[in-house]
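These notes are about the structure you will find just below.
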Amino acid sequence: MEYAISILPQMWVGVLNTIKIYFLAILPVLPLGVLFAIGKVAGPKPLRWLLNIYTWAWRGTPLLLQLMIVKFGLPVLGINIPEFYGAALVFALNTSAYVTEIMRGAIQSIDRGQYEAAKALGIPYWTTMFRIVLPQAFRIALPSACSEAINMIKDTAIISLISLQDITNVTTQIFVRDKNLIVYVEAFCIYLLLTSVLVFIFNRLEKRFSRHEQ
């Protein structure tokens, strides 16, 4: 017990960095996912083509490889992004690709009759999209989008492989130094706590939107 308490200050550094990179990455995910989904459904053909390539590429390649490209590949081209912000950018674009497809599916699941009814009433297409279709699509997509947001906190462990001081990286450093398995148990509990908090928050969001739907 004393050892677990003694390493908490070191673990706290990793926790803070994990939380910082998570929130930096998660903030643009929903706006990008919604905008890209609308672009894929209703945008001009060239835009749809570009967005299809984006979601295909980011969902079809390993997250670690994407991090490596930003960390090692871009500097070769003279593009230098600070490691912390580069990692956040990769997580944001990766998760946005998944949320884009989730939102696209939700938008396309809305009955076409609603578009036709709005058109018959003289409601412009984009007003129909933003005032009628998107609120319904958002409720449909919310559970899957929340799952992606929760998964991201676990995926941040990958940044330990590019030497960023997250929970996993700090845990490894402490274990190499002390050879004590307690540090892994502590890291396990920290991740479990973080994901449990996110699950609680997103479950509340889902229940709130479910009540509005009734």
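Please treat every number below as a calculation from the coordinates, not as lab data. Everything quoted here is computed from the prediction, not taken from an experiment. Quick reminder, even Gly has a Cβ in these numbers, built from the backbone with ideal geometry, and neighbours come from all protein chains shown.
Among Val13, Gly86, Ser96, which residue has its Cα furthest toward the positive end of the charge dipole of the chain, with +1 on Lys/Arg Cβ and -1 on Asp/Glu Cβ?
Ser96
Roughly how many debye, to the nearest 20, is the charge dipole of segment 128-214 about its Cα centre, given +1 on each Lys and Arg Cβ, -1 on each Asp and Glu Cβ, and no other charges?
The dipole of segment 128-214 has a size of about 360 debye.
How big is the charge dipole of the chain about its Cα centre, in debye rounded to the nearest 20, if each Lys and Arg gets +1 on its Cβ and each Asp and Glu gets -1 on its Cβ?
680 debye
Taking +1 at the Cβ of each Lys and Arg and -1 at the Cβ of each Asp and Glu, which of Leu24, Val199, Tyr115 sits farthest along the dipole of the chain towards its positive end, judged by Cα position relative to the Cα centre?
Tyr115
Evaluate the Kirkwood expression for the hydrodynamic radius of the chain, namely the inverse of the mean inverse distance over all pairs of different C-alpha atoms, and round to one decimal in Å.
19.4 Å is the Kirkwood radius here.
May I ask you to derive the FRET efficiency for Ile5 and Ala157 from their Cβ-Cβ distance with R0 = 22 Å, giving the value to the nearest 0.05?
It comes out at approximately 0.40.
Just need the relative contact order of segment 2-213 here, percent rounded to a whole number, with Cα pairs under 8 Å and 6+ apart.
Worked out over segment 2-213, it gives 29 percent.
List nothing, just return the count: lysine pairs in segment 2-213, 8 or more apart or interchain, with Cα separation under 28 Å.
Value for segment 2-213: 8.
Dipole size in debye (nearest 20) for segment 33-141 around its Cα centre, Lys and Arg Cβ +1, Asp and Glu Cβ -1?
Using only the charged Cβ atoms, the result is roughly 220 debye.
If you find the alpha carbon centre of segment 8-36 and of segment 98-173, how far apart are they in angstrom?
17 Å
Quick one: angle between helix 134-155 and the longest Cα principal axis of the chain, in degrees between 0 and 90, rounded to 10, please.
Between helix and principal axis, roughly 20 degrees.
With each label point set 7 Å from Cα along the Cα-Cβ vector, what nm distance links Ala120 and Ala57?
Between Ala120 and Ala57, the label points sit 4.4 nm apart.
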